[in-house]
Amino acid sequence: MTIGLAIAVLFATFFVLLFLGLPISVSIGVSSIATTLFFLPWDQATFIVMQKMNNGIDSFNLIAIPLFVLAGNIMNNGGIARRLIRFAQLVVGRIPGSLVQTNILGNMLFGALSGSAVAAAAAIGGTLSPLEKEEGYDPAFSAAANISSAPTGLLIPPTAAFIVYSTIAGGVSISALFMAGLFPGILMGVVSMVIAFVYAKRHNYPTSPKVPIKERAKITLDAIPSLLLIIIVIGGIVAGIFTATEGAGIAVFYCLILSLIYRSLNAKNFMDILLKSTATTGIILFLISASTAMSWVMSYTGIPTAISEGMLSLSENPLVIFLMMNVILLVVGMFIDITPAILIFTPIFLPIATSLGMDPIHFGVVLVFNMCLGTMTPPVGSVLFVGAGVGNVSLEKVIPRLLPYIFGIIAMLLLVTYLPTISMWLPGLMGLLS
């Protein structure tokens, strides 16, 4: 079987099944088996694909994913979001368009704690949207700010995206990835804040009333226990006190304790949270399992090598190749969710990136950054639809307001791509680079 035929069968089958409405995990699994059948008998093809799918989730590090999912769902129901919103408003309340600025900072904080862009857009945006309407904010502008800033939590640690990437990339240090994603995630949020500031200034949006010192102290003390979660989990992982999986377990325990203290969790809520977390975990792990089989099929048929040679035949200039990779990943992110995109395209582009001198940690940040943009763009951007939904505004009105944010974030993506120091400085300073 030629490489060209393998590429055609694999990707044509995959996209046809997606177009027909099959779940992406099923599309990945079926296309992998279909391609394998061209060079192996049915019994061997199915056995090997199932074996690779099983091996794909046989990893201690992946236990962190269901635990972080559970921790995020507990936060959604545990009164943590409300306290973070009040703290964010305290920090940025004197800036024009203060409610939108609060939304952006709240997304950065809550997204980092929950590790979920969708959860941040729903929890923070859903809480602030009615208040923004009361203050006379343009709903499309408010929704766009919410959508553009919610994905920052996919870069700011702890985040399951880097755990998935580490597993596929051959055990790249999770601690180093966490630290490498911190500054790019913050910069992504800062870009959104600057664009929102310019718009708010032009339209004379108000600032929040000045908060008395006594009230400031109370709001800050209320938020400290939630903010400590980041310090405890990330600090413990980076310091080597515990692994990412153990840190995820500690995050669950800490969120449970906080929710009980805040009296926002009962037996019924907790059972609902467990069921929701189980369903989400099943989807993610099946995606990882199926994508591992697809990665093996691509490796066996030589697809990554062929794509690498094809790209290098167009240009050997690293700047051009990195630009091509970003363009492809941005387009991919518009159609495929972050987890399968990481699983499918890491084996294709990581060897190209490393052959041109890009560190695997740096590439991981660039890859996840691209996927962050994918969550806010049509036709399948999950954050785009959630943000428009909680803001009660149509996509036709949101997208024009969202474009300045997208262009600003793309500019930041190019800076992160071509200036490795932005992502590599902090893990290097902390001695996490081998």
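The values are calculated or read from the model by the stated rules, or taken from the named source; none is laboratory data. All figures in this text were calculated on a predicted structure; none of them were measured in a lab. Using ideal geometry, Cβ is built from the backbone for each residue, glycine included, and neighbour counts are taken over all protein chains shown.
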- [ ] Just need a number here: residues in segment 195-252 that are acidic (Asp, Glu) and either under 24 Å from the mean Cα position of the chain (by Cα) or not assigned by TED's automatic domain parsing to the domain that holds residue 92 (or both).
- [x] 1
Task: All positions within segment 235-276 that are of a type outside the set (Phe, Trp, Tyr), under 19 Å from residue 60 (Cβ atoms) and part of a helix (DSSP H, G or I) - done: 236, 237, 238, 244, 245, 246, 247, 248, 249, 250, 251, 252
- [ ] Exactly one condition in (1) surrounded by 20 or more Cβ atoms within 10 Å (Cβ to Cβ); (2) in the same structural domain as residue 384 (by TED's automatic domain parsing); (3) out of contact with any Phe, Trp or Tyr (no Cβ under 7 Å at 6 or more places or on another chain) is not met by residue 277; state its number.
- [x] (2)
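For (1) under 30 Å from residue 134 (Cβ atoms); (2) among the aromatic types (Phe, Trp, Tyr), each residue gets a yes or a no:
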position	(1), (2)
318	no, no
322	no, yes
356	no, no
359	no, no
364	no, no
388	yes, no
394	yes, no
400	yes, no
427	no, no
Task: Residue check for residue 424: part of a helix (DSSP H, G or I) and assigned by TED's automatic domain parsing to the domain that holds residue 318 - done: yes
Task: Count of residues meeting criterion [under 18 Å from residue 284 (Cβ atoms), within 24 Å of the chain's Cα centre (by Cα) and surrounded by fewer than 18 Cβ atoms within 10 Å (Cβ to Cβ)] in segment 1-54 - done: 3
Open item on the list: Suppose we keep only residues that are closer than 16 Å to residue 177 by Cβ and surrounded by fewer than 15 Cβ atoms within 10 Å (Cβ to Cβ) within segment 227-242. Which one would you say is modelled with the highest pLDDT?
Closed with: 235
Task: Those residues of segment 98-136 which are touching a residue at least 60 places away in the same chain (Cβ under 8 Å), closer than 15 Å to residue 398 by Cβ and crowded, with 24+ Cβ neighbours inside 10 Å, in sequence order - done: 100, 121, 125
Open item on the list: Could you go through segment 164-180 and let me know if any residue there is within 23 Å of residue 404 (Cβ to Cβ) and either surrounded by 24 or more Cβ atoms within 10 Å (Cβ to Cβ) or more than 11 Å from the chain's Cα centre (by Cα) (or both).
Closed with: no
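With respect to residue 77, is the statement that it is buried (at least 17 other Cβ atoms within 10 Å of the Cβ) and modelled with pLDDT of 85 or more true?
Details: buried (at least 17 other Cβ atoms within 10 Å of the Cβ): yes; modelled with pLDDT of 85 or more: no.
Criteria not met by residue 77.
I want to confirm something. Restricting to segment 148-168 and keeping residues that are aliphatic (A, V, I, L, M) and at pLDDT below 85, which single residue is nearest to residue 427 (Cα to Cα)? Show your work before the answer.
Step one: filter segment 148-168 for residues aliphatic (A, V, I, L, M), giving 150, 154-156, 160-161, 163-164, 168.
Pick out the ones that are also at pLDDT below 85 and you get 160, 168.
Working: 160: 18, 168: 20 Å.
Selected residue: 160.
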Open item on the list: I need the full set of residues from segment 40-68 which are of a type in the set (Val, Ile, Thr) and either in the same structural domain as residue 255 (by TED's automatic domain parsing) or in contact with a Leu (Cβ under 8 Å, 6 or more places away or on another chain) (or both), in order please.
Closed with: 48, 57, 63, 65
